[in-house]
Amino acid sequence: MKFKSLRALLTSSFVATSLVCAAPMALATESRNVILIIGDGMDDQQITIARNYLKGSQGQLLLDTMPVRGVVQVLTVSEESPTQPVYVADSANSATAMATGVRTSRGRIATSAKEDKDLSTVAEQAKSQGWSVGIVTTANVTDATPASFIAHINQRGCENTDMMVNAKVSGNLYTNCKNDLKANNGKGSIAEQIADSSFDIILGGGQKHFATLTEAGNSTILEAAQNNNHHTIDSAEQLTNLPADKNILGLFSSSTMPVKWQGENGRIAEQAEPSLLNYLDWRLGSVELPKPMKCEANPAFTGMPTLPQMTSAALKKLSINSKGFFLMIESASIDKQSHKRNPCGSIGELEQLEDTLALALEFTEKNPQTLIMVTADHGQAAHIIPDESLFKAIGVPVYTPGHVARITTPEGSNLAVNYATNEFPYEEHTGVNVAIFSNQQGRNIIAPMIRQTDIYAITKQYLQLQ
């Protein structure tokens, strides 16, 4: 079946079916695979912004053609009182929920709130039971989402040995992962735990975290990974002809990988400028909105492997195993660019997710026993607002608070994207539900509304893990 015909089939396959969690499946007679794609911060606002820009107001993303769509409730708990809910998540606790099936507090990587117990991840379980495992991300491989499937540590900031104790994360925030030091019978920093892992392929950014010395101080963490059967690569060209007898650790940038797009001349969202008279009385004077802009290619992206390229290499590597695999793919900078108030960066990153989904769907044509799930870890700042206030006609200069980017779309209209969670240089997450999309394999497995912890259970059920 050609991909175009597959897309047509997916588009026409929305039927009035009630989806419920299925009974246990019969034992598999062929390989079974799960591809979990996480768009970090990819709530419906981000999806709509990208759809309007990439496909037009009447267009469809590939996400929109998936035959199964549901809603995911994001659940977070207090560190001090784990029965007390917190209504806005971060990537660490939300990825931990998907990876382990356990609700935890913000900042934790596959560990429980308050008790600080290690939580077994579905990736670790799959590996121990004979499946291949891969992690692909456009963030540091030590960042919260990928780390939550690989590592166990009480604070997400403890990415390398230099960041374990009293390392300044930002402002007055310092790390304290003393109990996780190897000297204290812990597993070490996130980078060290990746170096010690047996996962088949791990690709993303974060070279700087592997350039530091191990806790023992006798080698860099990268050298420790190489000594533990990891073949290391650092360029797109090296993604071809990967050795079959080695695990792969690909690190393609010092930190988070550069994004595909940026605002015109590097612009991000800006604040409106009220006149002096408007400062004196909000009903008077005038307000000048930021000038419209276009999205353009980001020069820093040149030479970087794309998310689809990394995914293609991972699928080839993982498919060697006749039993099957678990692959987590993160399009990380939908979130990271929204923090920076750069909607063009988020749009370009979501386009990478779309291209990656197309690749995953092509893979299922020859490998039908593959469950694809696409979801987000949490909501993010970014709201579509009127480009010109609906209240302008009454003669009052009403304007948006916060920062706004007025993006001229290929359709010729201005798409106004507002960021207003705070006046700090860094926007915050939001507490909205997120979507989940799936291919046909998700029918009768994914209910219309699930909790984030259910993604762990669905993965275990589909792979038939013990």
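Odds and ends about this structure:
- Rule-of-thumb Rg ratio for segment 427-466 [Cα; 2.2 N^0.38 Å; N residues]: 1.40
- Whole-number percent relative contact order across segment 313-374, with pairs defined as alpha carbons under 8 Å at least 6 apart: 19 percent
- The convex hull defined by the C-alpha atoms of segment 29-75 has an orientation-averaged projected area of 5.2 nm².
- Summarising the label geometry, the points placed 7 Å from Cα in the beta-carbon direction at GLU362 and THR302 lie 2.6 nm from one another.
- Cross-link partners of LYS317 among lysines (Cα-Cα below 29 Å; sequence separation of 8 or more within a chain): LYS2, LYS4, LYS127, LYS187, LYS208, LYS246, LYS260, LYS336, LYS366, LYS460
- From most to least packed by mean Cβ count within 10 Å, the peptides 303-310, 446-453, 409-416, 33-40 give 33-40, 303-310, 446-453, 409-416.
- As a calculated quantity, the FRET efficiency between TRP282 and SER319 at R0 = 51 Å, using C-beta atoms, amounts to about 0.25.
- Spread of Cα-to-Cα distances over 20 Å intervals beginning at zero, given as percent, for the chain: 24, 56, 18, 1
- Solvent-accessible area, 1.4 Å probe, carbon plus sulfur percent, for the chain: 51 percent
- Per residue, the accessible area of segment 154-244 comes to 49 Å² when a 1.4 Å probe rolls over the protein heavy atoms.
- Here's the picture: charge each Lys and Arg Cβ at +1 and each Asp and Glu Cβ at -1 in segment 272-377, and of LEU350, PHE325, THR364 the one pushed furthest to the positive end of that dipole is PHE325.
- Measuring r between the beta carbons of GLN271 and SER128 and using R0 = 51 Å, the FRET efficiency lands at 0.45.
- Overall, the chain carries a charge dipole of about 880 debye about its Cα centre when +1 sits on the Cβ of Lys and Arg and -1 on the Cβ of Asp and Glu, all other atoms neutral.
- For segment 332-466, the per residue solvent-accessible surface stands at 38 Å², with DNA, RNA and ligands left out and a 1.4 Å probe.
- Listed peptides 175-183, 431-439 appear in the order 431-439, 175-183 once ranked by packing, highest mean of other Cβ atoms within 10 Å at the front.
- Rounded to the nearest 500, the 222 nm mean residue ellipticity of the chain from helices alone is -7500 deg cm²/dmol, with -39,500 (n - 2.57) taken per DSSP H run of at least 4 residues.
- Antiparallel bridge percentage (DSSP; both residues within the chain; nearest 5): 45 percent
- Couplings for segment 151-162, taken from phi via the Karplus curve 6.51 cos²θ - 1.76 cosθ + 1.60 with θ = phi - 60°, read 10, 9, 7, 7, 9, 5, x, 8, 7, 9, 4, 6 Hz in order; Gly and Pro are left as x.
The values are calculated or read from the model by the stated rules, or taken from the named source; none is laboratory data. The structure displayed is predicted, hence computed values, not measured ones. So basically every Cβ, Gly included, is an ideal-geometry build from the backbone, and we count neighbours across all protein chains shown. Calculation scope for accessible area: heavy atoms of the full protein, side chains included, ligands and nucleic acids excluded. Shrake-Rupley method; radii C 1.70, N 1.55, O 1.52, S 1.80 Å.
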